[in-house]
Number of protein chains: 2
Amino acid sequence: MSDFIETKSKFHLPEGIVYLDGNSLGPLPKTAQNIVQNTIFNEWGEMLVTGWNKAGWMDQPNIVGNKIARLIGAAADTITVGDTLSIKVFQALASAASYQTNKKVFLSDYNNFPSDIYAAQGLVNMLQANHELKIVSTEKLIENIDENVAAVFFTEVDYRTGRRYDADKIIKAAKKNGSLVILDLAHSAGAIDTNLTELDVDLAVGCTYKYLNGGPGSPAFIYVNPNLINSLEPCLSGWLGHDKPFDFSLKYTPASGIDRMRVGTPPVIALAALEASLDIWETVDISDVRERSIQLTDQFIKGVEQNCPKLQLITPRTPENRGSQVSFSFENGYAAMQACIERGVIGDFRAPNVMRFGFTPLFIDSQDVEKAIDTLAEIMSKDLWNNQKFQKRKKVT
Amino acid sequence: MSDFIETKSKFHLPEGIVYLDGNSLGPLPKTAQNIVQNTIFNEWGEMLVTGWNKAGWMDQPNIVGNKIARLIGAAADTITVGDTLSIKVFQALASAASYQTNKKVFLSDYNNFPSDIYAAQGLVNMLQANHELKIVSTEKLIENIDENVAAVFFTEVDYRTGRRYDADKIIKAAKKNGSLVILDLAHSAGAIDTNLTELDVDLAVGCTYKYLNGGPGSPAFIYVNPNLINSLEPCLSGWLGHDKPFDFSLKYTPASGIDRMRVGTPPVIALAALEASLDIWETVDISDVRERSIQLTDQFIKGVEQNCPKLQLITPRTPENRGSQVSFSFENGYAAMQACIERGVIGDFRAPNVMRFGFTPLFIDSQDVEKAIDTLAEIMSKDLWNNQKFQKRKKVT
């Protein structure tokens with residue numbers, strides 16, 4: 001297994017910081033500046049409009065998609081990159097609705113990320129015609145999959161608790177009922193060893209600014225099972241999803257394969273920044289990342305539980321059942337996290353009481369984990385969170 | 001009126017090039033590299049996740065929206081930036097459909113940009129329930145606006161001919177019938193003196209990589225009339241369109257005002273590049289730009305007509321009826337344009353026979369126009385397009 005010393009050296013990490021928030025926004029790959037500069041100056045600046053062909057901008061969404069594919073067990077040419085995760089969730093749901101002519105229920109769980117639910121609410125309001133959004137507890141997802149369910153959609157790893165759901169079991173139950181499954185990989189891609197091919201999932205979506213380190217607001221991706229793609233309407237029918245975009249025909253004909261899920265013009269500069277990170281990802285094997293992630297999260301759980309009895313672990317203790325984050329509940333969690341951040345250990349807080357720490361083996365090592373444990377231990381043992389300045393509730397990102 | 005010498009000096013224009021394709025992809029503002037570097041290194045690199053608040057990333061879409069607003073006569077806080085134009089067209093159409101409970105027809109014209117039509121086709125297929133897309137000739141748009149029309153959508157300036165439609169007349173006819181109007185400003189924003197407030201249009205959308213010089217794949221924008229916005233469902237209901245995104249509520253409640261049209265995470269790096277260009281736009285008045293654009297296009301039309309009798313003007317001769325581009329039809333237009341590009345005069349070609357030249361006063365002056373005329377005259381008088389190497393039809397961007 002890689003010791004990840006090499007990969008750590010490839011990120012810019014501010015002096016003295018232990019960055020345990022790569023599950024919210026990954027850090028800057030050192031090469032990103034040069035790669036983006038090259039795109040800006042040598043491509044945009046010098047090639048101008050000819051960059052679309054000469055610099056290969058037009059193919060970038062699929063080239064980048066293929067780099068992501070190997071991290072989530074997807075076959076080549078099953079992923080395209082673009083838009084935001086909210087848009088890709090909407091597109092996946094709309095495509096599923098259009099495919100399922102006789103099934104009208106979208107099923108999800110209370111632990112899904114809220115904006116996935118918002119996308120579905122927006123879609124159901126638009127479609128009317130008997131469509132329905134049903135939200136149940138995660139435990140009851142499977143028993144609620146029946147012949148009326150057009151699509152089950154859920155996030156594989158819970159953004160608050162870090163719990164990893166048994167996607168395989170849910171997908172199998174859905175298949176029995178002819179329901180499609182849309183898997184949100186926001187906290188999976190680059191974090192755990194999800195294998196889309198083995199899961200045989202229908203659709204998956206994800207973002208690239210978390211564990212994939214693509215930068216603030218970097219584009220999303222969508223995966224469609226190659227057995228399904230040519231039967232699926234893209235619904236968000238855009239210029240670059242057309243079979244022959246440069247014919248400028250007034251009739252939309254979807255491209256064959258994953259290209260049909262493309263919509264508008266690719267975000268060239270953002271894709272360049274993302275490529276900087278994916279170059280680092282090319283050097284590692286996701287199974288090694290997963291193994292190291294389990295070591296780091298085990299170390300953190302053990303250390304915090306020994307030193308901080310007031311913190312309640314809400315992440316599953318069994319490695320198979322968690323992603324690459326560890327969360328503790330604590331009634332003064334917001335203030336405690338502020339105290340933590342002030343001491344250079346950056347995690348984040350999620351209402352109402354969750355202190356969240358992400359472990360990203362590409363740049364976090366066991367010394368970092370140790371420092372984080374020590375810092376938390378100090379804060380908790382001395383009640384440092386109990387300081388006026390940490391109590392004021394601010395807007396949390 | 002500004003002589004635009006100052007603004008021209010602010011763009012990187014490759015040596016010896018006359019760039020008449022800023023209506024497809026605007027050139028690089030010289031400050032873009034530094035501004036993007038600052039965002040990448042000092043914000044993403046150093047602030048990490050705290051950049052969302054500290055660097056103001058979260059507010060960027062509206063700050064940038066307000067900078068665009070003054071160029072198209074929109075009031076403050078009526079524009080937000082994000083996604084692609086295809087997505088914003090879809091969102092505008094979907095919102096209009098949801099607003100118009102009893103009107104089911106989307107009306108557009110054959111001269112609209114194809115992907116606007118694709119967005120509507122995708123939406124109509126999704127909605128089913130008696131919705132219909134009706135496409136007529138531009139001349140017949142107004143007579144086809146009746147009580148069944150939910151929304152009329154058209155592009156103010158035709159992407160091939162450069163013809164500017166009488167938006168005011170169409171909007172007035174639509175209002176009489178209670179139809180909403182969605183105006184596509186792809187070839188208006190930064191090109192002509194469209195005034196959304198005076199037009200009292202309902203919705204408008206546009207892209208920023210053409211005349212606004214935001215860079216390849218820079219984000220789109222959407223405008224909603226302030227009298228309408230709070231009655232409009234955003235349909236693409238995303239996290240950042242929520243009234244309180246950081247409450248992580250499972251119920252979508254749209255933000256008040258233009259914020260509800262936001263969807264996912266803002267494309268921070270792309271927005272930084274766009275800001276570089278908008279800083280230049282801040283220094284000019286759009287009425288001066290329009291005046292200069294008319295001078296330049298008049299000069300070009302006159303010069304080409306005098307020197308190139310084989311080229312047929314398809315752009316209206318009356319300045320009020322055109323945008324900031326001039327197009328000629330010529331059966332060997334593809335080859336002639338290739339010859340032109342080889343000589344450093346970059347325009348583009350649109351099937352079947354359109355040679356298109358964009359005039360962007362921020363960086364094109366009358367000497368450039370003269371050079372373009374001379375180059376075209378040489379090509380046409382010596383039949384230089386009749387060279388084997390220019391005949392091969394390639395993929396055109």
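The values are calculated or read from the model by the stated rules, or taken from the named source; none is laboratory data. Note that the coordinates shown come from a computational prediction; the quantities given were computed from them, not determined experimentally. Virtual Cβ from ideal backbone geometry, glycine too; neighbours counted across all protein chains shown.
Okay, here's what the table says:
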{"read-out": "Given (1) part of a loop (DSSP other than H, G, I, E, B); (2) in contact with a strand residue (DSSP E or B) (Cβ under 6 Å, 6 or more places away or on another chain); (3) more than 7 Å from every other protein chain (Cβ to nearest Cβ); (4) closer than 29 Å to A:His12 by Cβ, index of the condition A:Lys103 fails", "value": "(4)"}
{"read-out": "Subset of region A:123-169 [touching a helix residue (DSSP H, G or I) at 6+ places or on another chain (Cβ under 7 Å) and small (Gly, Ala, Ser)]", "value": "A:Ala150, A:Ala151, A:Ala167"}
{"read-out": "Breaking point among (1) more than 10 Å from chain A (Cβ to nearest Cβ); (2) closer than 13 Å to A:Gln128 by Cβ, for B:Ala129", "value": "(1)"}
{"read-out": "Residue match in region B:281-289 (condition: among the acidic types (Asp, Glu) and without any contact (Cβ under 8 Å) to a residue 24 or more places away in the chain)", "value": "no"}
{"read-out": "Test for A:Thr194: is it of a type in the set (Ser, Thr, Tyr) and in contact (Cβ under 8 Å) with a residue 60 or more places away in the chain", "value": "yes"}
{"read-out": "Residue that is in contact with a strand residue (DSSP E or B) (Cβ under 9 Å, 6 or more places away or on another chain) and either more than 30 Å from A:Glu139 (Cβ to Cβ) or outside the structural domain of A:Lys10 (by TED's automatic domain parsing) (or both), where the choices are A:Asn34, A:Asn111", "value": "A:Asn111"}
{"read-out": "Pair list, Cβ under 7 Å, 6 or more apart: region A:139-156 residue farther than 14 Å from A:Lys175 by Cβ, other residue of a type in the set (Lys, Arg) and not in a helix (DSSP H, G or I)", "value": "A:Asn144/A:Lys134; A:Asn148/A:Lys103; A:Asn148/A:Lys104; A:Glu156/A:Arg164"}
{"read-out": "From A:Lys371, A:Lys310, residue being in contact (Cβ under 8 Å) with a residue 40 or more places away in the chain and within 17 Å of A:Val18 (Cβ to Cβ)", "value": "A:Lys371"}
{"read-out": "Residues within region B:12-22 that are over 22 Å from the mean Cα position of the chain (by Cα) and within 7 Å of chain A (Cβ to nearest Cβ), tallied", "value": "1"}
{"read-out": "Candidate set: region A:9-22, residues that are outside any loop (DSSP other than H, G, I, E, B) and without any contact (Cβ under 8 Å) to a residue 40 or more places away in the chain; chosen: the one nearest to B:Glu46 (Cα to Cα)", "value": "A:His12"}
{"read-out": "Residue check for B:Ala96: touching a helix residue (DSSP H, G or I) at 6+ places or on another chain (Cβ under 7 Å), in contact (Cβ under 8 Å) with a residue 24 or more places away in the chain and not charged (D, E, K, R)", "value": "no"}
{"read-out": "Selection status of B:Ala204, of a type outside the set (Val, Ile, Thr) and more than 14 Å from chain A (Cβ to nearest Cβ)", "value": "yes"}
{"read-out": "Criterion: polar (S, T, N, Q) and closer than 26 Å to B:Thr318 by Cα - qualifying residue of B:Asn125, B:Asn111", "value": "B:Asn111"}
{"read-out": "Single unsatisfied condition, A:Glu6 versus (1) more than 7 Å from chain B (Cβ to nearest Cβ); (2) in contact (Cβ under 8 Å) with a residue 60 or more places away in the chain; (3) crowded, with 17+ Cβ neighbours inside 10 Å; (4) not in a loop (DSSP other than H, G, I, E, B)", "value": "(3)"}
{"read-out": "Those residues of region B:106-125 which are assigned to a helix (DSSP H, G or I) and touching a residue at least 60 places away in the same chain (Cβ under 8 Å), in sequence order", "value": "B:Asp116"}
{"read-out": "Selection status of B:Val136, over 30 Å from A:Ile346 (Cβ atoms), surrounded by fewer than 20 Cβ atoms within 10 Å (Cβ to Cβ), more than 10 Å from chain A (Cβ to nearest Cβ) and touching a residue at least 24 places away in the same chain (Cβ under 8 Å)", "value": "yes"}
{"read-out": "Set A:Phe41, A:Phe90: member being surrounded by fewer than 20 Cβ atoms within 10 Å (Cβ to Cβ), of a type in the set (A, V, I, L, M, F, W, C) and assigned by TED's automatic domain parsing to the domain that holds A:Asn125", "value": "A:Phe41"}
{"read-out": "Those residues of region A:167-191 which are surrounded by fewer than 24 Cβ atoms within 10 Å (Cβ to Cβ) and within 17 Å of the chain's Cα centre (by Cα), in sequence order", "value": "A:Ala167"}
{"read-out": "Residues of region A:219-245 satisfying the condition of being outside any loop (DSSP other than H, G, I, E, B) and farther than 25 Å from B:Ala273 by Cβ", "value": "A:Tyr223, A:Val224, A:Ile229, A:Asn230, A:Ser231, A:His242"}
{"read-out": "Where A:Ala151 falls short, out of the listed (1) among the hydrophobic types (A, V, I, L, M, F, W, C); (2) in a helix (DSSP H, G or I); (3) crowded, with 23+ Cβ neighbours inside 10 Å", "value": "(2)"}
{"read-out": "Among (1) in a helix (DSSP H, G or I); (2) buried (at least 23 other Cβ atoms within 10 Å of the Cβ); (3) within 14 Å of chain A (Cβ to nearest Cβ), the one test that B:Gly264 misses", "value": "(1)"}
{"read-out": "Restricting region A:226-249 to residues that are crowded, with 19+ Cβ neighbours inside 10 Å and more than 10 Å from chain B (Cβ to nearest Cβ), the residue that is farthest from A:Thr197 (Cα to Cα)", "value": "A:Leu232"}
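To keep it simple, each residue is scored yes or no on (1) in contact with a helix residue (DSSP H, G or I) (Cβ under 6 Å, 6 or more places away or on another chain); (2) at positive phi.
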{"residue": "A:Thr208", "(1), (2)": "yes, no"}
{"residue": "A:Phe221", "(1), (2)": "yes, no"}
{"residue": "A:Leu228", "(1), (2)": "no, no"}
{"residue": "A:Gly238", "(1), (2)": "yes, no"}
{"residue": "A:Phe248", "(1), (2)": "yes, yes"}
{"residue": "A:Arg260", "(1), (2)": "yes, no"}
{"residue": "A:Val263", "(1), (2)": "yes, no"}
